[in-house]
1. Once you put a point 7 Å from the Cα of B:L262 and another 7 Å from the Cα of B:L331, both along the Cβ direction, what distance in nm separates them?
2. I'd like to compare B:235-246, B:188-199, B:15-26: which one has the highest average count of other Cβ atoms within 10 Å, and what's the full order after that?
3. Got a sec? Which residues in the stretch B:107-138 would a label at B:A252 touch, if it sits 7 Å along Cα→Cβ and we count backbone N under 19 Å?
4. Cα extents of the stretch B:1-151 along the three principal axes, largest first, in whole Å?
5. In the P(r) worked out for the stretch B:1-74, what percent of Cα pairs fall beyond 18 Å?
6. Based on DSSP H runs of at least 4 residues, each adding -39500 (n - 2.57), what is the mean residue ellipticity at 222 nm of chain A after dividing by all its residues, to the nearest 500 deg cm²/dmol?
7. I want to verify the translational diffusion coefficient of the stretch B:177-257 in µm²/s; compute it with Stokes-Einstein, Rh as the Kirkwood radius over Cα pairs, at 4 °C and 1.567 mPa s.
8. Note the per residue figure in Å³ for the convex hull of the C-alpha positions in chain B.
Amino acid sequence: MEKIDVRGMSCPQPVLMTKNAIEKHPEGIDILVDNNTAKNNITRFLKNLGYKLEFKNEEDGTLIVVRK
Amino acid sequence: MKGKKDIIIAGGIIGLLSVLLVKFGNPANMGFCIACFIRDIAGGIGLHSTPIVQYIRPEIIGLVLGAFIISMKNKEFQSRGGSSPFTRFILGIAVMIGALMFLGCPLRMVLRLAGGDLNAILGIAGFVVGIFVGVFFLNKGFNLKRSYNLPNFEGYLFPIVNVGLFVLLLSGFSMLIFSEEGPGSMHAPIWISLIVGLIVGALSQKTRLCMVGGTRDMIMFKDNYLLSGFLSILVFAFIGNLIFGYFNPGFANQPVAHTDGLWNFLGMVLVGWGSVLLGGCPLRQLILAGEGNTDSAVTVMGSLVGAAICHNFGLASSPKGATTNGQVAVLICFLLVLVISLVNSEMLVKQNNLKKVNNN
């Protein structure tokens, strides 16, 4: 599964990187994120597109598992 | 949607509080202005000596500390930095030069319109054009690279500096300079300014309110969350101005404003463009600096230096209009911001830096 790392990127890069990745891999992606702002923005963006999200806490951030 | 309701309520409170600050003594249509207030602080600590714009604005201190307190409480405080700090410093200067050409940051632009200052319409038009230009570069791969986690103390320093500034203000430290006339002499009582700043700082941190993000996210993602906050401030400040009888529509003789439409427009093009590159408006930079983002703290320092440059070199506009020096400076800043945009996007060079980090 395609995995993108948006840690440490300022707005709106996390959503932009998510948008580019999900357009290339519409079946789903994994996203590593390290702050709530980016997490919420990405969640809002992907939920509007109808994706299902699952959040896993990892040592260096949260992994958002995005599936159709 | 709960999130959107929250930011609309927050925007409403901020709009009304801004009008109340005018009621309590702030200059008209200047309940809040991040650019003007940082400029006043620059004058207050003697970085420039324009006698009418020197004061330590407690609103700025309140914004930073409000964001700091709420981010600590919500465990969102994250000490970080290293995302092209000097580029951000320079962009902070450029954004300030644009804002002082127009005479207001994006927040005051909205408050000016809400007070009937129609010159702000040209500012908003320029702001939107600037955001489109910034978005163009974002879509071409523009970014200022990653920030990294830093020891907590690094992130605490900016809030600490703000506490120190407030202590100096309260103690009546004799080296601080306060305007005796002009906008700098007009201010709400210290504690009211601080408390309103704290409330607005907390609300902005909680909702991620960002004046540039609203238009940017609409253009890029058709997401109107942040724009709802922007519009809510406009509507509620308008209502507040009607209630207190401050609404006075027109172009001429507006408070702390000039009627040079072209330069109002161009000043805000620069602010919009620069703010998109920075990832947030001047208000948002203060909030992020309060939550431990030292890149944003560096940006605020750039704005402080930018304000001093504006007044020492005669770049800032006055109610009489734009200055020639200011016009030249805005044009130089356009060139500078263009170079920063090109160098940091993938238009000239294919950038592999981010990929490398991914593989680490």
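1. Label-label distance for B:L262 and B:L331, simple model: 1.0 nm.
2. Ranked by mean Cβ neighbours within 10 Å, highest first: B:15-26, B:188-199, B:235-246.
3. Answer for the stretch B:107-138: B:116-122.
4. 43, 42, 36
5. Above the 18 Å cut-off, the stretch B:1-74 has 53 percent of its Cα pairs.
6. My calculation for chain A gives -11500 deg cm²/dmol from helical runs alone.
7. For the chosen part, D equals 83 µm²/s.
8. Value for chain B: 126 Å³ per residue.
Every read-out reported here was derived from the displayed coordinates using simple, explicitly stated rules and does not represent laboratory data. Keep in mind that this is a model prediction, so the values were computed, not measured. Glycine also receives a Cβ, built like all others from the backbone with ideal geometry; neighbour counts cover every protein chain displayed.
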